[in-house]
Number of protein chains: 8
Amino acid sequence: MKKVAIVTEGGSDFSTVKETAAELEKFGIPYEVHVMSAHRTPGLAAEFSKNAAENGFGVIISASEKIAFLACEIASNTILPVIGIPVKSLALDGLDALLSTVQMPRGVPVASVAINGGVNAAILAAQILALSDKELDKKLCEMKEEMAAGVIKKDEKLQEEVKNIFKN
Amino acid sequence: MKKVAIVTEGGSDFSTVKETAAELEKFGIPYEVHVMSAHRTPGLAAEFSKNAAENGFGVIISASEKIAFLACEIASNTILPVIGIPVKSLALDGLDALLSTVQMPRGVPVASVAINGGVNAAILAAQILALSDKELDKKLCEMKEEMAAGVIKKDEKLQEEVKNIFKN
Amino acid sequence: MKKVAIVTEGGSDFSTVKETAAELEKFGIPYEVHVMSAHRTPGLAAEFSKNAAENGFGVIISASEKIAFLACEIASNTILPVIGIPVKSLALDGLDALLSTVQMPRGVPVASVAINGGVNAAILAAQILALSDKELDKKLCEMKEEMAAGVIKKDEKLQEEVKNIFKN
Amino acid sequence: MKKVAIVTEGGSDFSTVKETAAELEKFGIPYEVHVMSAHRTPGLAAEFSKNAAENGFGVIISASEKIAFLACEIASNTILPVIGIPVKSLALDGLDALLSTVQMPRGVPVASVAINGGVNAAILAAQILALSDKELDKKLCEMKEEMAAGVIKKDEKLQEEVKNIFKN
Amino acid sequence: MKKVAIVTEGGSDFSTVKETAAELEKFGIPYEVHVMSAHRTPGLAAEFSKNAAENGFGVIISASEKIAFLACEIASNTILPVIGIPVKSLALDGLDALLSTVQMPRGVPVASVAINGGVNAAILAAQILALSDKELDKKLCEMKEEMAAGVIKKDEKLQEEVKNIFKN
Amino acid sequence: MKKVAIVTEGGSDFSTVKETAAELEKFGIPYEVHVMSAHRTPGLAAEFSKNAAENGFGVIISASEKIAFLACEIASNTILPVIGIPVKSLALDGLDALLSTVQMPRGVPVASVAINGGVNAAILAAQILALSDKELDKKLCEMKEEMAAGVIKKDEKLQEEVKNIFKN
Amino acid sequence: MKKVAIVTEGGSDFSTVKETAAELEKFGIPYEVHVMSAHRTPGLAAEFSKNAAENGFGVIISASEKIAFLACEIASNTILPVIGIPVKSLALDGLDALLSTVQMPRGVPVASVAINGGVNAAILAAQILALSDKELDKKLCEMKEEMAAGVIKKDEKLQEEVKNIFKN
Amino acid sequence: MKKVAIVTEGGSDFSTVKETAAELEKFGIPYEVHVMSAHRTPGLAAEFSKNAAENGFGVIISASEKIAFLACEIASNTILPVIGIPVKSLALDGLDALLSTVQMPRGVPVASVAINGGVNAAILAAQILALSDKELDKKLCEMKEEMAAGVIKKDEKLQEEVKNIFKN
């Protein structure tokens, strides 16, 4: 199976990236994590991206706080699908990261997920790779079923709770 | 090759959807366009999504103005990658469509592109399909080269223009 | 009397929903609480909504954080009045939930109350049901009087407090 | 049947209010329109609201641009359900009207619909009145069916259009 | 001298109002504090406002969180200058209170100060009353001088601090 | 009577300022208009403000687009009440002007009116001056009555209009 | 004198860039304009930036709409001061461009000017170069004087205008 | 070498300013810190700015919360490059400070860095001064290299961490 690259600038986006890794682990998708900085190690991210397909990667996930320069740099240097995770930082409640991830100019898309959406980034990567991987496809279907089952359990729990609070 | 589905609610998101279709035409990617409304034809979009993989689709692109209910409905009923295009409408300058496309809850990702980003949605779909299609991969590389060449032409033109304005 | 359904996706919207239940208890309005997820249990919320009127419900209250897909799903599948409670989550200070609750497309309204407005959702439901229930109407009038009395008590308290701080 | 009151401050919210009236006409719901200004005719809106139930009204719809003082004034003086329509004006793209309509304090709800959502306000009113009116209930169901049929027609039209553009 | 009325809805705007009172105390301006709720005690605020001039008030200061209905109600019922203090609450970081305080419709101004600007509301009231009160005018000039002196002290302190941190 | 100074930076805030002047004319309040730029003629606005009280001014109204530096400069150099009019310009829909007018730091208030609120700025100035001018007080009361009468006329007109559209 | 580089992605930022060039012409500052795209010609902007100092540039001005990737790319590859001009595009009123220009991560500053602030970018560049160029310093001082004179002319004109409107 | 002036209004912008000082220390750039308030010590900041060039300053850095009046005042009274640091305060998450720093009117630029961007302000000042200082230029290049090295260390650390979490 193709690998997923998770790249981050290494600030408060760290914990988000670990959620992404944990989710990929669940699906058994091979991945690599890298701290790379489009700002501080210019050229390096470009180099990585240009060779990513050859090096066996199928999807690149990039997490950034403030502005998503890293996702841009990567998307400009590869035709692999690039998923961007905007990460909330000190000010503006994540809006700066969100807008700079999603408002990419014509010709160079980045697939943005929700602010701090590390888990969804992994699932989206899985969905992309599952297009040519039956087993991954099956795992995604199972995950959907588990999610549904989880909701039903929560339903029972909430009903119990509310009953206990008000009906006694 | 797998097909791309372009679905829309059929409001001011129409022209955006045509840009998407035009771009897919350039890549020679088979596609279908559908007006579907999660609000007005409930069940229909769900039905379509559940059967999308079987019916030969590989990616679903969904465009909505105001709130991206259609993208949600589709993403909830398929494990295919779903790309959302937020479309600017009367008020709030597209912010409502953007937030409701991108801020999907954990477990059900939508890959958001820029506001009115019909072209990028098509390119992202192409990038996803190219993972298992050498020829599409080649076309994407060519597109990158053409974009670069286009920039260089624009550069010459601007320099000429500025010279004419100020140097005489 | 018709029942009120309180549905929630079961995240940080839990405590909001309990406020709603507590308020309905005060009015003696029968209700049910349900965790349902338009994203994770697709079809279930639609099914619930289609049968809601027959099952004795008169109003459905839906609470969601991030994006109000659940309210949308419900409103698309019933002609009962649907009240949406946007719930503040990690980022964007509730703006995402608010816009996706209120900016519904033409034809499928959701009645939005304030961010985390669990109590007001219950009162609005009571006001709707009171149109054909004299006793509930009376209770709402009494509530208005109690609120007014509460304000007058607060007034006395504040005046006392300020006097103590500055006049000694 | 109970009547619907449509009240407006009489600025750029005029055309919105006519959409509301037109929609109520379709449902055969009796209504009155009033220009009233909480700011300029203080007391008048309060008076109207206090007597609204007695005067045969079941729902009050209030449209305001900038800030929704009129909806507030009405909601404070009646226990009838009040629906607020935020109307976009010169600046801030409707955000001021939206926030001041929806962010009502605890105890006095206003049911907010989308910015310039005159049609949805009427439908919401119809849904509320239909709780005790079988015929109105039936009309709402028919409207849902017509909306669905309309979407299916749009679907055919779009497919035709796209075919004509690209397939020739 | 004319009195200042400080009115509040009695929520989290309490501490702001105490800052206002404390500042008026410094200037020796007579004032009254009142908890009044345009929503919960409709009519009361209107009544108070209509009689405010006769009762010896010259300026009314109104503090509200979420939406500034109280300031609106007051401004609609008096021609005294009304100063509004938007108070930050749970969500939206004070933006809802700010917009609903400042975006008053033509004909009924409210003088908005900064979010949680209780002190500035008092100073503005003092500036208004000082137009016909020589002594208050003098106190305002002294306050300006003290502020300037305070800045100069802070300057010395910062320079000392920075010297200590880096120069040793 | 004390005069009102209307100052502006002379950009797109021009028409707003003329509305202010027109409104002051109605009240018979003496005024002067000045183009002054805190940015481009530094010192001049400060000078003007320091002498404003002595020169017979009672209130200063300042209109700015983008950022309200002029209002700041003035408020820093006088203890006269300063009214700020935020003016909408090319981008950000007036939000930049609004925030920089209203978010003044502690100690130096500016009384902000609505975006482009030239008329309300004049009325607020009139309300301030009316505290010591019986005749102006009377004119403001008459204006309130005329506004109310205007609303009642609009009411009749709207009712006529709606009757003509739908009842025939 | 060192040269200024004006770089742009070649979209709707074109006219902004011409304003910058025109302003530099006034100061007699040598400059080059280049269309470069960090997204479409990756590597090229990096290359240009690395060699900019050697090639005689002292300041780089970069204009972008949507997201300021070009400014980022440049700032990452040079230690010359980089000035960013956010350019307003179709949606979000310039907020996306502004945030992505100004919210640069620690270590790699971009000096942001106002949205569409092409003229100010040129003046800022002139101010930077004037630190080691007496003649440019003098020109900047003259520009300040001319601006002041311009304001005084506008003042006379406005006073004349207002007199003509109202005093006759 | 020319000095850098760091000026602040002395509120919550204090710690930001110390970061700036610390960064300038690293570069060995001479600087002075000053608490100055455009609002509270009017004239003083103007005076300081007019004489700044003569007094050996090359760049002025100004930090403000809420609204950036100080940066404006300075920029209006000097032709030295002025760098503005918007500082986040109680409400609005820094948006008020950001917009009032960056949205300067034509003719008087302020170079805005990120919200709370004290370090970047210092680096930008260093970049400006390095245009005529070889040694500073060298230090900036070294800083770039150290940043890159830091990223590479972080990369190793993250890879180790992730390996430890998931691979055991």
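The values are calculated or read from the model by the stated rules, or taken from the named source; none is laboratory data. In this text the structure is predicted, and so the values were computed from the model without any measurement. Using ideal geometry, Cβ is built from the backbone for each residue, glycine included, and neighbour counts are taken over all protein chains shown.
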Condition met for F:LEU131 (within 12 Å of chain E (Cβ to nearest Cβ) and either in a helix (DSSP H, G or I) or buried (at least 24 other Cβ atoms within 10 Å of the Cβ) (or both)): yes
Odd one out for H:ALA149 among (1) touching a Ser or Thr at 6+ places or on another chain (Cβ under 6 Å); (2) surrounded by fewer than 22 Cβ atoms within 10 Å (Cβ to Cβ); (3) aliphatic (A, V, I, L, M): (1)
Single condition E:GLY10 does not satisfy, out of (1) in contact (Cβ under 8 Å) with a residue 40 or more places away in the chain; (2) under 23 Å from C:VAL113 (Cα atoms): (1)
Yes/no for A:PHE48 being among the aromatic types (Phe, Trp, Tyr), over 13 Å from A:VAL4 (Cβ atoms) and at pLDDT below 95: no
Odd one out for H:ASN116, checked against (1) more than 9 Å from chain G (Cβ to nearest Cβ); (2) part of a helix (DSSP H, G or I): (2)
Test: A:HIS39 is in contact with a Ser or Thr (Cβ under 7 Å, 6 or more places away or on another chain) and surrounded by 19 or more Cβ atoms within 10 Å (Cβ to Cβ): yes
Sole exception among (1) part of a helix (DSSP H, G or I); (2) modelled with pLDDT under 95 for B:ILE123, by number: (2)
Any hit, region A:153-167, residues being more than 10 Å from chain B (Cβ to nearest Cβ), assigned to a helix (DSSP H, G or I) and touching an Asp or Glu at 6+ places or on another chain (Cβ under 6 Å): yes
Qualifying residues in region E:51-75 (those that are at pLDDT 95 or above and polar (S, T, N, Q)) - the one farthest from E:LYS139 (Cα to Cα): E:ASN51
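Here's the yes/no breakdown for (1) touching a residue at least 24 places away in the same chain (Cβ under 8 Å); (2) charged (D, E, K, R); (3) not assigned by TED's automatic domain parsing to the domain that holds D:THR78:
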{"residue": "D:GLU23", "(1), (2), (3)": "yes, yes, no"}
{"residue": "D:TYR31", "(1), (2), (3)": "yes, no, no"}
{"residue": "D:VAL35", "(1), (2), (3)": "yes, no, no"}
{"residue": "D:THR41", "(1), (2), (3)": "no, no, no"}
{"residue": "D:ASN51", "(1), (2), (3)": "no, no, no"}
Residue in region A:102-121 that is more than 18 Å from A:VAL33 (Cβ to Cβ) and touching a residue at least 40 places away in the same chain (Cβ under 8 Å) present: yes
Set C:SER100, C:SER112, C:SER132: member being hydroxyl-bearing (Ser, Thr, Tyr) and under 16 Å from D:PRO105 (Cβ atoms): C:SER112
Set A:GLU73, A:GLU65: member being under 30 Å from H:VAL113 (Cβ atoms) and in contact with a Lys or Arg (Cβ under 8 Å, 6 or more places away or on another chain): A:GLU65
Within region G:62-77, considering residues that are hydroxyl-bearing (Ser, Thr, Tyr) and at the interface with another protein chain (Cβ under 9 Å from one of its Cβ atoms), the one nearest to H:ALA126 (Cα to Cα): G:SER76
Selection status of H:ALA126, in contact with a Lys or Arg (Cβ under 9 Å, 6 or more places away or on another chain), buried (at least 23 other Cβ atoms within 10 Å of the Cβ), in the same structural domain as H:ASN51 (by TED's automatic domain parsing) and not polar (S, T, N, Q): yes
Cross-chain or 6+ apart pairs with Cβ under 7 Å, region F:139-154 first and of a type in the set (Lys, Arg), then outside any helix (DSSP H, G or I) and at pLDDT below 90: F:LYS154/D:GLY10
Matching entry among F:VAL102, F:VAL82 (being over 23 Å from B:LEU95 (Cβ atoms), more than 13 Å from chain G (Cβ to nearest Cβ) and at pLDDT 95 or above): F:VAL82
Wholly within region C:1-112, strands (runs of 3 or more DSSP E) carrying at least 2 residues that are under 25 Å from B:GLU9 (Cα atoms) and either under 17 Å from the mean Cα position of the chain (by Cα) or of a type outside the set (Lys, Arg) (or both): C:57-65, C:82-87
Out of G:THR20, G:THR16, G:THR8, sole residue that is more than 8 Å from every other protein chain (Cβ to nearest Cβ), within 17 Å of B:LYS163 (Cβ to Cβ) and of a type in the set (Val, Ile, Thr): G:THR20
Counted residues, region C:47-61 - those being surrounded by 21 or more Cβ atoms within 10 Å (Cβ to Cβ) and within 14 Å of chain A (Cβ to nearest Cβ): 2
Any hit, region B:32-43, residues being at the interface with another protein chain (Cβ under 7 Å from one of its Cβ atoms), within 18 Å of A:CYS141 (Cβ to Cβ), of a type outside the set (Ser, Thr, Tyr) and in contact with a helix residue (DSSP H, G or I) (Cβ under 7 Å, 6 or more places away or on another chain): no
